[in-house]
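J.: One structure, as structure tokens, below. Some questions next.
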């Protein structure tokens, strides 16, 4: 590995697409950095600390961290044997339409707290702990086996993220159950379909209410208009794409659901405070 200021580049060894290790690169301990690949960290001890996009997570044993391309992060005060670490290109997942359409939902949940009473949580932990054994074996098709376990892991992680998204509004005891359920379903539908040319009619029809009623409920429960929420979901999707210096910004704009480069530039600057090109320059620090 090497770093260009905040940028970490990874050379996958022996032509493999997936790296698995029980040792982290201590050169990046306590150093804020980012990279263009996915990184999964399984905490092997209590009190490991990981900061992602300036939010600190204090971990317990078997807590999971998922870091996506472009996420600025650091591993704070940890030893080289503190985690099981898995790294691979995002393309291995984005070729599947379900992951592609749900990416903005996945990327909102970086820390998965271990719940020993949850069978699916136990299974996710087992899948990650199985990877080092396969990675260092000489078994035929061991990388294919690793890939299949990762796919199962992300299927379970995806269900966790979708369920968590649905529960975001349910904690408010002052909201009506039916209205909460409708808005939660609307938010999830927008997140999953944000690259499409969505209109207010599409969402109100999907949840079975009038446009005016939907607009009122949506503003009440999210404190955002439909357009603002849709735009925010699209911008979330663009952040990891912009971190790839080879990707053309105009292609990123259209691939993320914007109708023109100018509308993308305006929306990005409004939400992030800088232009897409300035964002890329700061991320690569060139």
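J.: Could you give me D for region 2-165, from Stokes-Einstein at 10 °C and 1.306 mPa s, where the hydrodynamic radius is the Kirkwood radius over C-alpha pairs? Units µm² s⁻¹, please. Display every interim value, and only then the final one.
T.: Numbers: Rh = 16.1 Å.
So the translational diffusion coefficient is about 98 µm²/s.
J.: Quick one: order 144, 162 by neighbouring beta-carbon count within 10 Å, fewest to most.
T.: 144, 162
J.: Suppose the chain between residue 151 and residue 270 were pulled fully straight at 0.36 nm per residue; how much longer would it get relative to their current alpha carbon spacing?
T.: Full extension of this stretch gives 39.3 nm more.
J.: While we're here: Which shape class applies to region 177-223: rounded if a/c is under 1.5, otherwise prolate when a/b exceeds b/c and oblate if not, where a ≥ b ≥ c are the square roots of the Cα gyration tensor eigenvalues?
T.: Judged from the Cα gyration tensor, region 177-223 comes out prolate (a/c at least 1.5, a/b above b/c).
J.: Output the relative contact order of the chain, whole-number percent, from Cα pairs under 8 angstrom with separation of 6+ residues.
T.: RCO, the chain: 17 percent.
J.: Just the ratio, please: alpha-carbon radius of gyration of the chain over 2.2 N^0.38 Å, N its number of residues.
T.: In units of the globular-protein estimate, the chain measures up at 1.05.
J.: Nearest 10 degrees, 0 to 90: what angle lies between the long axis of helix 142-167 and the longest principal axis of the chain (Cα atoms)?
T.: The helix 142-167 is inclined about 30 degrees to the chain.
J.: May I pose another question? Can you give the angle from 0 to 90° between the axis of helix 97-106 and the longest principal axis of the chain, with both taken from C-alpha atoms, to the nearest 10?
T.: Relative to the chain, helix 97-106 is tipped by roughly 90 degrees.
J.: On a 0 to 90° scale, report how tilted helix 261-272 is relative to the longest principal axis of the chain, with both axes built from alpha carbons and the result rounded to the nearest 10.
T.: Helix 261-272 and the main axis of the chain meet at about 70 degrees.
J.: Next question. As a test of the formula, what do you get for the chain when each DSSP H run with n ≥ 4 contributes -39,500 (n - 2.57) and the sum is divided by the residue count, at 222 nm and rounded to the nearest 500 deg cm²/dmol?
T.: So the calculated ellipticity at 222 nm is -15000 deg cm²/dmol.
J.: Continuing with this model, one more query. Given a cut-off of under 8 Å on Cα pairs at least six residues apart, what relative contact order in percent is computed for region 2-165?
T.: Result for region 2-165 is 23 percent.
J.: Mind sorting 249, 271 by how few other Cβ atoms lie within 10 Å of their own Cβ, fewest first?
T.: In increasing order of surrounding Cβ atoms, one gets 271, 249.
J.: Over region 228-284, calculate the relative contact order: mean separation of alpha carbon pairs under 8 Å at least 6 apart, over the residue count, as a percent.
T.: Working: 43 pairs, mean separation 19.1, N = 57.
About 33 percent, as a whole number.
J.: If you don't mind, there's one more thing I want to ask. Apply the a/c threshold of 1.5 to the C-alpha gyration tensor of region 99-237 and tell me whether it is rounded, prolate or oblate.
T.: Details: a/c = 3.44, a/b = 2.09, b/c = 1.65.
Prolate shape, in that a/c is at least 1.5 and a/b is the bigger ratio.
Every number in this text was worked out from the coordinates using simple rules, so none of it is lab data. In this text the structure is predicted, and so the values were computed from the model without any measurement. Every residue, glycine as well, gets a Cβ built from its backbone with ideal geometry; the counts of neighbours run over all protein chains shown.
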